[in-house]
1. What is the angle, in °, between the Cα long axis of helix 18-34 and the longest principal axis of the Cα atoms in the chain? Nearest 10 is fine, range 0 to 90.
2. Out of [x] 1.08; [y] 1.24; [z] 1.40, which label holds the value of Cα Rg over 2.2 N^0.38 Å that was computed here?
3. Nearest 0.05, what FRET efficiency do ASP60 and LEU24 give at R0 = 22 Å with Cβ-Cβ as r?
4. Helix-only mean residue ellipticity at 222 nm, the chain, DSSP H runs n ≥ 4 weighted -39,500 (n - 2.57), per residue, nearest 500. What is it?
5. Counting other Cβ atoms within 10 Å of each Cβ, which trypsin sites (Lys or Arg not before Pro) in segment 3-43 have at most 14 and sit in a DSSP loop?
Amino acid sequence: MELVQLAYTSKATNRLTTMQLFDLLEECRSNNRKNHLTGMLLYVSGHFIQVLEGQTDAVDALYQKIVQDDRH
């Protein structure tokens with residue numbers, strides 16, 4: 001089993017409120033636990049930076065969902 005890391009940056013389509021950020025963080029944590037992923041999500045001035053780490057298939061699948069997310 002191969003572990004990979006993926007890092008990306010993106011610009012939010014709309015600025016997120018504090019509550020939206022907390023909701024997003026909880027969603028990420030829950031999904032990452034289910035998929036045995038670890039990582040880091042940073043949001044600053046309307047921009048995201050995220051690092052994901054886990055099995056190749058799980059990281060790839062999550063990144064494909066992220067690409068389709070209209071918050072970016």
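1. Tilt relative to the chain: about 10 degrees.
2. Working out Cα Rg over 2.2 N^0.38 Å from the coordinates points to [x].
3. Computed FRET efficiency for ASP60 and LEU24 comes out at 0.60.
4. Helix contribution divided over all residues of the chain: -13500 deg cm²/dmol.
5. Here the trypsin sites (Lys or Arg not before Pro) that fit, given the DSSP loop and packing criteria, are ARG15.
Values in this text are rule-based calculations from the coordinates and carry no lab data. As the structure is a prediction and not an experimental result, all values here were calculated from the model. Cβ sites come from the backbone with ideal geometry, for glycine too, and all protein chains shown count toward neighbours.
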